[in-house]
1. Considering only the range 358-421, what is the antiparallel percent among its DSSP beta bridges, to the nearest 5?
2. For the chain, with the dipole built from +1 on Lys and Arg beta-carbon atoms and -1 on Asp and Glu ones, taken about the Cα centre, which of Leu414, Ala388, Ala34 lies farthest toward the positive end?
3. Quick check: Cα centre of the range 351-421 to Cα centre of the range 271-340, how many Å?
4. How much of Arg149 can a 1.4 Å solvent probe reach, expressed as accessible area in Å² and rounded to 10?
5. At 1.4 Å probe size, what's the solvent-accessible area of Arg347? Round to the nearest 10 Å².
6. What is the magnitude of the charge dipole of the chain about its Cα centre, with +1 placed on the Cβ of each Lys and Arg, -1 on the Cβ of each Asp and Glu, and no other charges, expressed in debye to the nearest 20?
7. Distance between Cα centroids, the range 52-66 to the range 130-196: provide it in whole Å.
8. So what's the back-of-envelope 222 nm ellipticity for the chain, counting only DSSP H runs of four-plus at -39500 (n - 2.57) apiece and dividing by all residues, rounded to 500?
Amino acid sequence: MRWPERRRWIMVALAAVLAVGAATAVAYRVLAPAEVDTVARSAYPPAPSPQTGVIGRLPVAPLVVDGRLRVYAGNRQVYADQPVNGQHRVTPFWSYRRWPAQLVGVLADDTTVVSRWSDGLLVALDARTGRVAWRADGPVPGAVPKPRRTYASTVWDPTGLYATRTADGRRVLVAAGPGRVGGYDLADGRRLWRADVGGDCRTEVGTTVAGELLAVDACDGPARVEFRDAATGAVRTRWQPPGGPEDLMVVPVGCRDGHSNCRGLRVSGPGDDTGRGWLVGPGDPVAVPALDGTDTELDGEWAVGTSAGLITGRSARTGKELWRRADLGPVRIIAVEPGRVHLLTERNELVTLDPATGVERSRFVLDLGHDGVGWMPGRAYAADGYVAVERVRQRATPDDDDQAYYLMPEAVLLAATGTSP
């Protein structure tokens, strides 16, 4: 073979080798595990004092953090924008992405935003900068239902992810998965304890204001409510309501965030559409008939109920009626936060009352532009005086796809209900 031909074949072979190498490098960059933390480039914004009323429309559900930021979830991303009272979602203030793991839950405590991922990793971000504060290996979550496009379930009610505070003020994070649960110091991510527990025979349901993790445990006989110290992992007691059914269903009530820092429980059994209310604390739960029924919510020591066109406020412990209103017609409670109970009328008016007195803090129609009020509320959320509500088509069913389910692409309305008391 002559040298020119040999050189040509050498060059062809070399080009092929380089092409394969380049393709391999690209594939590695695309497919290899990756983490991208895009931190804030501007100063932490001040907390605004928004005008009462509807603020704007959002395509995804916001988690209000520190009264200053809105935090959102995506398939593989948690990110924030500001100001909190902005009319639309804007360019992220900060963003954190992972690949190939998927985001399954987000929780905020003060200025710490914790994200939970499908591989079990817990990543805490400083909300003021978006920088990673700590990482910790947590229990791998079980099967999490695919969220709808607003990701409301991911940020407003994350499965198996809870926060609480101990009597000495320590902030504790609890993560639970099938067969395993663990507690972590929210300040630095240090694991405080880990416990191997039953898989299909128990379900974690939330944390209490007394610093305990709640679970329904049926692994050894009839179902009982387990109270576990969130800071040490020690089980304090397993409790069954007197005369209660063997198959318990427990819903936390009076929770500050999602199913975290809850003051009460509603316990029911098969075929029971109402449930019995209980206050939780250092000892055994205390029966509170004022919390019986699904049309009643709890804020601190106050139970607010809606029935037959009446709204009543009672002392949760004594049941004594403190106030009543009959001027709003049929209403439903869509969200509760400290010092506020948010109700929606048949005309989709958002009415915010003081749960201790029944005094009206604000009232306005949840409408913006020419959207109208021909919709049903889906998931709803409240924090720092802000209320966010998913707008669902009136004839939508849970089996509908997102396009048929939501009223429009920007399905979430964000509103401000006034300054803090």
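The values are calculated or read from the model by the stated rules, or taken from the named source; none is laboratory data. Bear in mind the structure is a predicted one, so any value in this text is a computation, not a measurement. Heads up, the Cβs are rebuilt from the backbone with ideal geometry, glycines too, and the neighbour counts pull from every protein chain shown. To get the accessible areas, we keep the full protein, side chains included, count just its heavy atoms, and leave off ligands, DNA and RNA. Shrake-Rupley method; radii C 1.70, N 1.55, O 1.52, S 1.80 Å.
1. Numbers: 12 of 12 bridges.
Here the share of antiparallel DSSP bridges comes out near 100 percent.
2. Ala34
3. Here the two parts' Cα centres lie 21 Å apart.
4. For Arg149, solvent-accessible area is about 80 Å².
5. The accessible area comes out at roughly 140 Å².
6. Details: 50 positive and 49 negative charges, 355 e Å.
Value, rounded to 20: 1700 debye.
7. Centre-to-centre distance over Cα atoms comes out at 24 Å.
8. On the way: 3 runs with 38 residues, N = 421.
The per-residue figure over the chain is -3000 deg cm²/dmol.
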